[in-house]
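J.: Before we start, here is the structure in question, set down as structure tokens.
The values are calculated or read from the model by the stated rules, or taken from the named source; none is laboratory data. This one's a predicted model, so the numbers in the text were calculated from it and none came from an experiment. Quick reminder, even Gly has a Cβ in these numbers, built from the backbone with ideal geometry, and neighbours come from all protein chains shown. These area figures cover heavy atoms from the full protein model, side chains too; ligands, DNA and RNA do not enter into them. Shrake-Rupley method; radii C 1.70, N 1.55, O 1.52, S 1.80 Å.
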Amino acid sequence: MKNSIEIRQERAELIGKADTLLNLAKGESRDFTTDEQTSYDGMMTNIDKLAKDIEVVERQEKLNAELASTPVSFETNKNIVPKEARDYSVFKAVEGYLNGKMDGIEREAHEQAVSEARSSGSAILGIGIPASMLENRALVSEGSSSIAPTTLGAFQDGLRENAVYEQVGATVLNGLSANTEIPVVGANNAAYASAENADGGDVGAQFSSLTLSPKRISGYVDLSKQLIVQTGSGAEQAIIRDLGRSVADAVNSAMFAESNVTGADDALFNVAGVNNVATTSFAAGSVLGDLLAMEQKVAESKGLAGNLAYVTNPSLMPDMKKASLVTSVSAAMQGMDFNGYKTIFSNGCAKDATNSDVVSIFGDFSKLMVGHFGGLDITVDNFTQAHKAAVRLVINKYISFGLTHPAAFSRCLVEFEH
């Protein structure tokens with residue numbers, strides 16, 4: 001249905017035509033002819049119908065405006081997408097988009113995503129997928145779905161398998177709708193021992209905040225038009241999973257870079273307040289010394305608790321596995337834990353081959369906040385790869401991250417020795 005402005009314009013045109021026809025009969029001092037009377041009555045009927053349409057559409061537009069001004073959370077979205085979401089297919093949505101005939105659950109999901117985007121001040125440029133469909137994976141049912149398991153579950157699985165922040169236990173906030181301010185209790189609040197009747201000390205309660213604002217992460221994949229039409233479930237899951245991994249790689253590269261990535265939040269290495277550990281001069285055992293110094297810095301900042309983990313580049317893996325607490329006796333790394341702490345090796349951590357050093361971060365990753373704004377926006381590019389009978393799908397995801405307590409982390413450019 002048209003919007004209220006378009007309907008009003010259509011009604012105004014009909015009113016003008018009816019007025020012209022009436023003035024013509026008046027000017028000739030006669031009644032309507034049979035054809036003129038039929039035409040005039042038809043215009044009056046349509047004018048009355050359009051008046052009712054305007055009332056209905058304007059009411060809905062007012063409701064949409066109210067929705068746009070209300071933050072949308074994961075919980076409020078949770079029940080909006082119907083159970084038929086288990087039958088959702090990205091390929092079907094793409095095919096419908098290309099043919100201009102998107103319908104069914106694909107259209108419902110798109111409209112929900114448009115509403116989510118509007119609430120966060122952005123817009124869907126292609127096919128929209130709401131946040132609730134990414135998270136509510138309990139709807140997967142192989143018994144009733146031609147695309148099983150649900151394709152959107154495949155995307156989320158791909159993101160979780162590769163996003164470092166998921167593996168280290170970061171605090172993830174879903175369904176955010178605009179800039180989100182997170183209150184932070186200051187680390188310098190204190191209490192004092194006092195004599196029985198003496199005045200108590202000022203505990204100096206301090207509060208600050210972390211603001212998460214949406215930053216665009218994008219990735220793309222090229223599909224043959226024949227594959228889209230065939231809608232093979234295995235191919236669809238693999239492709240969407242690959243898109244998820246590409247988005248995760250982009251997040252990792254921005255989060256664990258040495259220099260801030262344009263358009264992204266500050267890399268953890270550059271957040272003010274993160275403890276800095278100077279690299280030990282290149283020598284046998286220096287890797288162990290650097291990493292233990294990172295633990296010490298966090299402990300001195302009273303941050304040695306929570307989801308503690310190391311994140312570093314795979315180039316450091318051989319040295320960490322060779323490092324021994326006592327020469328030739330006890331390895332510092334057991335399995336994937338270094339000195340008892342979980343260790344994630346990510347290519348997102350910057351590596352300087354010239355200086356043989358890599359970005360390494362240690363800390364309590366529960367103090368890392370990651371916000372997801374809305375769902376997904378899939379732009380369908382039907383032209384770039386047209387000469388190959390292919391369609392390019394470009395995924396845009398809005399994410400923000402930041403540290404509530406930087407002192408709970410330490411950083412070091414650790415030199416690898418092998």
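J.: Measuring from label point to label point, each 7 Å out along Cα→Cβ, what is the residue 10 to residue 60 span in nm?
T.: 1.2
J.: Lysines within cross-link reach of residue 397: Cα-Cα under 16 Å, excluding same-chain residues under 8 positions apart?
T.: Straight-line reach from residue 397, under 16 Å: 215.
J.: Keeping every protein chain present and rolling a 1.4 Å probe, give me the accessible area per residue for region 312-391 in Å².
T.: Spelled out: the 1.4 Å probe surface of region 312-391, per residue, equals 42 Å².
J.: Among all the lysines, which ones have a C-alpha under 16 Å from residue 2's C-alpha, if same-chain residues fewer than 8 places away are not counted?
T.: 49, 52, 62
J.: Sequence-distant or interchain residues sharing an amide H contact under 5 Å with residue 338, placed H: which?
T.: Residues meeting the amide H criterion: 343.
J.: Next up: Amide H to amide H under 5 Å from residue 210: which residues, 5+ apart in sequence or cross-chain, H placed 1.01 Å off N in plane?
T.: Distant-sequence amide H within range of residue 210: 182, 184.
J.: When we measure straight from the Cα of residue 297, which lysines land under 29 angstrom away, once same-chain ones fewer than 8 places off are left out?
T.: Within the straight-line limit of under 29 Å, residue 297 reaches these lysines: 321, 322, 342, 351, 367.
J.: Given R₀ = 30 Å, what would the calculated FRET efficiency be for residue 184 paired with residue 352, taking r from the Cβ atoms and rounding to 0.05?
T.: 0.40
J.: Taking 0.36 nm per residue of separation and subtracting the Cα-Cα distance, what length does fully extending residue 2 through residue 36 add?
T.: 9.4 nm
J.: How far apart, in nm, are the 7 Å Cα→Cβ label points at residue 321 and residue 171?
T.: It works out to 3.6 nm between the two label points.
J.: With the Cα gyration tensor of region 270-418 in hand, give its eigenvalues times 5 under a square root as the equivalent ellipsoid semi-axes, listed largest first in whole angstrom.
T.: Over the Cα atoms of region 270-418, the ellipsoid semi-axes are 36, 21, 14 Å.
J.: How large is the dipole of region 305-406 about the Cα centre if only Lys and Arg carry +1 and Asp and Glu carry -1, each at its Cβ, rounded to the nearest 20 debye?
T.: That gives region 305-406 a dipole magnitude of about 180 debye.
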